[in-house]
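The structure under discussion appears below in the form of structure tokens.
Bear in mind that the values in this text are calculations on the coordinates, not laboratory data. Everything numeric in this text was worked out from a predicted model, so none of it was measured. Cβ atoms come from the backbone with ideal geometry, glycine included; neighbour counts cover every protein chain shown.
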Amino acid sequence: MCCFGFAPNIVLCIQDKKLISLAKKFSQCYLSALLNKNKRNSTVSDTDSVCEWREPEELAALLDLELRENGEPQHQLLQRIRDVAKYSVKTNHPRFFNQLFAGVDYHALTGRFLTEALNTSQYTYEVAPVFVLMEDEVLSKLRSLVGWAEGDGIFCPGGTMSNMYAMNVARYRAFPEVKLKGMWSLPRLAVFTSQQSHYSVMKAAAFQGIGTENVFKVKVDDRGCMIPEDLGETIELAKSQGAVPFFVHATSGTTVQGAFDPLEPIADICDRQGLWMHVDAAWGGSVLFSKEHKHLMRGVERADSVTWNPHKMMLTGLQCSAILLKDTTHLLKHCHSADAKYLFQQDKFYDTSLDTGDKSIQCGRKVDCLKLWLMWKAVGSKGLEERVDRKTFSSPIYLTYVFRFCSVEQPLFVNVCFWFIPPSLRGKENSPDYNDRLSKVAPVIKERMMKQGTMMLGYQPQGGRVNFFRMIVISPQLSHQDMTFCLNEIERLGSDL
């Protein structure tokens, strides 16, 4: 067995000697850029493209994706790696505004390399002793930020799965017989969520046999926040139709507008009705690090469960998502356990409560805690608070200050939503075809920016609003110059529309 060092003080063991040279060249080159603090924390420069767009047929030919009978030599594999990097979207680029993630913390990236090299599964203490204890510590710390001294939780493969866990555990608490007898034993169940909540609520209802027609959408205000009064009325409506309410899904940081539902009045309603309150804080949960901004989630400690994705604002990299529960009665395990005798033997020589795999609906479970733990160790809670305050919230404030487009709403968070009004539509707001023509603007500009590779940001319609841009400003590399460039580039790309 041979070893090589691919980053300061990090040594990985590679069992196959043929991989050493290839892995060393790639990892050293990649990490040398990330670990150089004296330069912009990026694997790309400002002049590099965010993406090098190719049509699918052309890209498939360039990559030579066919899998053949015989293997390829190292020099050819290295070229494959270069091609993969070249034609992939550079999400670390400061002008990547397209998703609810951007960039990656280099401490977290180091943890990700180490996790992949160690190649273990997070289900038992015997095979993952370090990571079982580490996950427990990280989850405990996250729960303390929510406001819980005790509780439970598990890392999941993404926020959608975390939300599914919450709904499933809530149903099990209300109707434990469902695990044995299935949906046949239950009445018609009702779920409540806002009109702007994540689509995973509908997926969870479909996946768990509750049915999407039994997801009741609660009205939102102009900012996208759930209206508590309408929640109360909608619950009564569901009851009048013979449904049994059991689950309220609130959101802290909606996907499009970045809205935070008012948790205190929602919790009051859930208390009165005896309903499970879940807070989907996949996007906005990291405000809890900030003394200045945690008021956006005031009342979250009253929830029964919380979804939190550190791979978004905290930059741990994909994927890192946790479901946190206030419960101390082991609902998570009782709901999902199958008591596999070959894996979770109860006569082991150590404390079997450390075998956490039976809490999960998975068997093999990827280690997601190391990257967050290592980053947290490196910068501390104060460093993460500073990241939220200075690197995140300062950017939309600046962007709003210099804004010269038509804003959808004043941003509450780091989602900046706006229309670009092209020259041909200026002053024609009262024209009968105005909205139809405006709806075509964002898709054309998006196509142009991607094909030229200058930047990426998303667009979408919402309710009665036609297509508008959604710019996510969280990259740690983002400068005022980048944001000004973005506005200028949209004007350039849309000047002839």
Expressed as a whole percent, how much of the Cα-Cα distance distribution for region 57-111 exceeds 18 Å?
-> 54
Using only the alpha carbons of region 217-305, determine the length spanned along each of the three principal axes and report them from longest to shortest in whole angstroms.
-> 43, 26, 18
Here the membrane-span-like helices of the chain, with no claim about any membrane, defined by DSSP H, Cα axial extent at least 24 Å and mean Kyte-Doolittle at least -0.5, are 17-34, 129-146
Inter-centroid distance (Cα atoms) of region 400-478 relative to region 86-160, Å = 32
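With N set to the number of residues, divide the alpha-carbon radius of gyration of region 120-368 by 2.2 N^0.38 Å and report two decimals. Each step should come with its number before you reach the end.
On the way: Rg = 17.9 Å, N = 249, 2.2 N^0.38 = 17.9 Å.
Region 120-368 yields a ratio of 1.00.
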Cα pair count fraction exceeding 25 Å, expressed as % - region 357-497 = 43
Residue list for region 92-120, given a label point 7 angstrom along the Cα-to-Cβ vector of R390 and an amide N cut-off under 17 Å | 105-106
Exposed chymotrypsin sites (Phe, Trp or Tyr not before Pro) being those in a DSSP loop with at most 11 other Cβ atoms within 10 Å, the longest stretch of the chain free of them is 1-198
Exposure proxy ranking, count of Cβ atoms within 10 Å, fewest first, for D268, D261, D496 | D496, D268, D261
So how far apart, in nm, are the two label points at R223 and A60 if each is 7 Å from Cα heading toward Cβ?
-> 4.8
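How large is the Kirkwood hydrodynamic radius of region 289-435, in angstrom, based on all distinct alpha carbon pairs?
Numbers: mean 1/r = 0.0499 Å⁻¹.
Taking every pair of different Cα atoms in region 289-435, averaging 1/r and inverting gives 20.0 Å.
To one decimal place, what Kirkwood hydrodynamic radius in Å is obtained for the chain from all pairs of distinct Cα atoms?
24.8 Å is the Kirkwood radius here.
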Rg over Rh, two decimals, region 115-201 (C-alpha only, Kirkwood Rh) = 1.05
Restrict the search to region 95-194; then list the trypsin sites (Lys or Arg not before Pro) that DSSP places in a loop and that have at most 14 other Cβ atoms within 10 Å of their Cβ.
-> R188
Per residue convex hull volume, Cα atoms of region 432-497, in Å³ = 92
Could you work out the equivalent-ellipsoid semi-axes for region 159-263, taking the square root of 5 times each eigenvalue of the Cα gyration tensor, largest first, in whole Å?
-> 24, 16, 10
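Counting helices only, and only those DSSP H runs with n ≥ 4, report the 222 nm mean residue ellipticity of the chain as the sum of -39,500 (n - 2.57) divided by its residues, in deg cm²/dmol to the nearest 500.
Calculated at 222 nm, the ellipticity per residue is -11500 deg cm²/dmol.
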